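The values are calculated or read from the model by the stated rules, or taken from the named source; none is laboratory data. Keep in mind that what you see is a predicted model, and the values were worked out from it rather than measured. Here the Cβ is made from the backbone with ideal geometry for all residues, glycine too, and neighbour counts use every protein chain on show. Side chains are part of the model used for accessible areas, which takes the heavy atoms of the whole protein and leaves out ligands, DNA and RNA. Shrake-Rupley method; radii C 1.70, N 1.55, O 1.52, S 1.80 Å.
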Amino acid sequence: MANPTHRFTGKVVVVTVAGGGIGTAIATRFASEGARVVVTDVNEAGALATTSAITKRSSRTAASAAAADVVPTRARAMRSPISAASAIESLSS
């Protein structure tokens, strides 16, 4: 049986609403199990804080942040240094 603490090694996981609370906990857990994590949230500062916390825990962990609002009624362009698509692409290679 594979080591359960590394069951997501080589996988890219996108976690929405990961700028705080349970979303941060989920993103952190995936990272601790070897996943490369794309942290998304409408709160860009929160997403960046989660990403920073993940990468500080381990130099082997990859994480990127992207500001995103996925609610259609509130859809709007968001200024972000990195888009979710480019974050996924960068972590996939």
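For region 45-65, a residue qualifies if it is open to solvent by 60 Å² or more (accessible area, probe 1.4 Å) and among the hydroxyl-bearing types (Ser, Thr, Tyr), and exactly one does: Ser59. Got at least one residue in region 30-40 being in a loop (DSSP other than H, G, I, E, B) and acidic (Asp, Glu)? For region 30-40, residues in a loop (DSSP other than H, G, I, E, B) and acidic (Asp, Glu): present. Hey, does region 59-72 have a residue that's assigned to a loop (DSSP other than H, G, I, E, B) and modelled with pLDDT of 85 or more? No, because not a single residue in region 59-72 is assigned to a loop (DSSP other than H, G, I, E, B) and modelled with pLDDT of 85 or more. Here the condition is being modelled with pLDDT of 60 or more, closer than 16 Å to Phe8 by Cα and more than 9 Å from the chain's Cα centre (by Cα); of Ile26, Ile22, it holds for Ile26 alone.
In region 11-28, which residue that is out of contact with any helix residue (DSSP H, G or I) (no Cβ under 8 Å at 6 or more places or on another chain) and open to solvent by 70 Å² or more (accessible area, probe 1.4 Å) is nearest to Arg60 (Cα to Cα)? Step by step, filter region 11-28, then rank; the result is Lys11. The set of residues from region 6-28 being under 13 Å from Ala68 (Cβ atoms) and not in a helix (DSSP H, G or I) comprises Val14, Val15, Thr16, Val17, Ala18, Gly19.
State all residues of region 29-41 that are open to solvent by 30 Å² or more (accessible area, probe 1.4 Å) and either over 16 Å from Ala66 (Cβ atoms) or in contact with a helix residue (DSSP H, G or I) (Cβ under 8 Å, 6 or more places away or on another chain) (or both); if no residue qualifies, say none. Arg29, Ser32, Arg36, listed by residue number.
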